[in-house]
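First up is the structure itself, then whatever we jot down about it.
The values are calculated or read from the model by the stated rules, or taken from the named source; none is laboratory data. Note that the structure is a prediction, hence the values are computed from the model and not measured. Cβ placement follows ideal geometry from the backbone for every residue including glycine, while neighbour counts extend to all protein chains displayed. Surface accessibility is based on the protein's heavy atoms, side chains included, excluding ligands, DNA and RNA. Shrake-Rupley method; radii C 1.70, N 1.55, O 1.52, S 1.80 Å.
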Amino acid sequence: MQSQNPSRRTMLKRMLLGLGLCVSEGVLLNNAVAAAMSYDATTSQTGLFTPQERAVLKAICECVIPRTDTPGAVDVGCTEFVEHQLLVVFSAGTQQACKSVLQSIYQRSAIDTGKSFELLTTETQIALLEKLEAMQQPFSQEQYGPFKQLKSLIVFGYYTSMPGATQELTYQAVPGRFVGSVPYADIGSAYSSKDYY
């Protein structure tokens, strides 16, 4: 695979470095990139999460990158991508920590609202996730790391998917000159290369 498309591999490595996915567990960057490049939703490994944990993760994916005029994280299969990445790249300790934080979100939702996390309104889901982000009770610093890992994998999966790279990002074959501190409204979305798709 590397010899067929080395430029895409380089792009994925740089993106992964920017997201900081490989640092916490000493995971080799090449393993994460290789797993992402070989990912196929129809044949890739799943089975790490219970149906309940998967439902919570799916709802988190929708909160992190919702569907707008472009597909969201759920639409491009980030739920399955995250599970696959955790299974083939990360250690059993990281896998268990991610499972544990999903269970904690589910339990906190049930205690606070009497409902499963995925059944809450988006606003209520985001409020609960913001408590986790801020490490407010009942969440702890130990849960923040795995939650951040899950979010990073969602973003990585989304922006290396075809819709994420070709619809959400903007392609500019020949970038113009650098101009710092420009209002976002003047720019629009960030840029990617559609050469890979």
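Remarks
- Flag for Ala185 being at pLDDT below 85, farther than 16 Å from Glu62 by Cα and among the small types (Gly, Ala, Ser): yes
- Residue satisfying all of: in region 98-125; of a type in the set (D, E, K, R) and assigned to a helix (DSSP H, G or I); nearest to the chain's Cα centre (by Cα) among these: Lys99
- Test: residue in region 126-145 that is β-branched (Val, Ile, Thr) and not in a helix (DSSP H, G or I): no
- Qualifying residue in region 148-159 (condition: more than 20 Å from Arg67 (Cβ to Cβ), surrounded by 15 or more Cβ atoms within 10 Å (Cβ to Cβ) and not hydroxyl-bearing (Ser, Thr, Tyr)): yes
- Across region 114-134, the qualifying residues are those that are free of Cβ contacts under 8 Å to residues at least 24 places away in the same chain and open to solvent by 60 Å² or more (accessible area, probe 1.4 Å), and the one among them that is nearest to Lys58 (Cα to Cα) is Leu119.
- So Phe156, is it closer than 30 Å to Ala97 by Cα, out of contact with any strand residue (DSSP E or B) (no Cβ under 6 Å at 6 or more places or on another chain) and modelled with pLDDT of 70 or more: yes
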